């Protein structure tokens, strides 16, 4: 059952919190985190910037593979986006690749507040071995996955649709909660759909906060009524 929010999430308010080499250096494991992962040239930073309507929230680089840290961003209270290190780029030293892969696997398997994974793939080169390994890890941990076929504007409409249908069919092989959509940071394709998906993943944390606020309001009203009654009794 999908949860519905009474208030809109303002992704444009997203801001950087911290960077960490591994999960041991991240803040306390609480709230809800949605992770973004992908090959180093999949357009992950551009997608995060487009999602949040910010030009430089996530640093884009002409040298793919430069980001080596887990970057944490706060969307609102108890809701965070995590930018995981890019992987699989040929010019990165093998030892560094292994370190990143270990960090990725550890985060996916041990971070309890992780409630959704967005995997970005260049629509022209999707489902490489590391992409599939990442998705299998997530499925094994019962984490829902949203695959974004990025740079969708690079293909004509017919080829774009054919590739989407093919990857949707391939995704069935994972036997898990794996959705596939088109995305283009340049043309804005799929941005609204991505925000809607994140809304559903963040919903439990936001609804819990709303319930706490409602309970606090009821408690405050009850306390106020008791104080009023006490004052009236004393006056008599």
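Sub-9 Å Cβ pairs linking a first residue in segment 152-167 that is in contact (Cβ under 8 Å) with a residue 40 or more places away in the chain to a second residue that is surrounded by fewer than 13 Cβ atoms within 10 Å (Cβ to Cβ), at least 6 apart or interchain, number zero. Within segment 58-98, the set of residues being part of a helix (DSSP H, G or I) and at pLDDT 75 or above comprises 94, 95, 98.
Is there a residue being at pLDDT 90 or above, closer than 22 Å to residue 200 by Cβ, surrounded by 21 or more Cβ atoms within 10 Å (Cβ to Cβ) and out of contact with any helix residue (DSSP H, G or I) (no Cβ under 8 Å at 6 or more places or on another chain) anywhere in segment 22-44? Yes, segment 22-44 contains at least one residue that is at pLDDT 90 or above, closer than 22 Å to residue 200 by Cβ, surrounded by 21 or more Cβ atoms within 10 Å (Cβ to Cβ) and out of contact with any helix residue (DSSP H, G or I) (no Cβ under 8 Å at 6 or more places or on another chain). For residue 120, the stated conditions hold: it is buried (at least 18 other Cβ atoms within 10 Å of the Cβ) and at pLDDT 95 or above. Within segment 207-227, none of the residues are modelled with pLDDT of 80 or more, assigned to a helix (DSSP H, G or I) and exposed (fewer than 14 other Cβ atoms within 10 Å of the Cβ). Filtered by the rule that a residue be farther than 20 Å from residue 131 by Cα and part of a helix (DSSP H, G or I), segment 163-196 gives 191, 192, 193, 195, 196.
The values are calculated or read from the model by the stated rules, or taken from the named source; none is laboratory data. Note that this is a predicted model, so its numbers are computed, not measured. Here Cβ is always computed from backbone atoms with ideal geometry, including for glycine, and neighbour counts include all displayed protein chains.
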